[in-house]
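Reviewing the structure listed below.
The values are calculated or read from the model by the stated rules, or taken from the named source; none is laboratory data. Treat the numbers as computed from the prediction; the structure is a model and nothing was measured. Here the Cβ is made from the backbone with ideal geometry for all residues, glycine too, and neighbour counts use every protein chain on show.
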Amino acid sequence: MTPRRKVEIVVNRPYLKKILEFLEKVGVKGYTVIEDVKGLGDKGFMGGDEITDTFKNSYIFTVCDEETAKKIEDGIIPLLKKYGGICVISDVKAYIHF
């Protein structure tokens, strides 16, 4: 197991593509996206079953090294201020098969 950083992002579905483009730009080599996630936040309950994507959330996570996590941390704040959402970065141990 190797010390890594886990980055978790929840963002409104219409902005998912912009967040993924940002992650790839800063060097993220892989990520997982779960669409139509449910939850309660400052905009109220997001049920994930709305007719349009406007009120749906997507969950993105990746596991990366410290340097890449720092790039994400530095660059994600302006995006979240513009589009909304949340980003959580935590220390983890991971075994990544290649």
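Some points to look at:
- Residues in the stretch 10-39 that are of a type in the set (A, V, I, L, M) and touching a Gly at 6+ places or on another chain (Cβ under 7 Å): 4 in all.
- Residue list for the stretch 22-40, restricted to those being among the β-branched types (Val, Ile, Thr) and either under 13 Å from residue 5 (Cβ atoms) or part of a loop (DSSP other than H, G, I, E, B) (or both): 26, 28
- A count restricted to the stretch 62-87 and to residues that are touching a residue at least 60 places away in the same chain (Cβ under 8 Å) and either touching an Asp or Glu at 6+ places or on another chain (Cβ under 9 Å) or aromatic (Phe, Trp, Tyr) (or both) stands at 4.
- Within the stretch 73-98, restricting attention to residues that are more than 23 Å from residue 42 (Cα to Cα) and not acidic (Asp, Glu), the residue that is nearest to the chain's Cα centre (by Cα) is 92.
- Some residue of the stretch 31-47 being out of contact with any strand residue (DSSP E or B) (no Cβ under 9 Å at 6 or more places or on another chain) and either among the aliphatic types (A, V, I, L, M) or buried (at least 16 other Cβ atoms within 10 Å of the Cβ) (or both): no
- Index of the failed condition, residue 11 passing every other in (1) at pLDDT 95 or above; (2) within 14 Å of residue 80 (Cα to Cα); (3) part of a strand (DSSP E or B): (1)
- When 50, 73 are screened for being of a type outside the set (S, T, N, Q) and modelled with pLDDT of 95 or more, only 73 passes.
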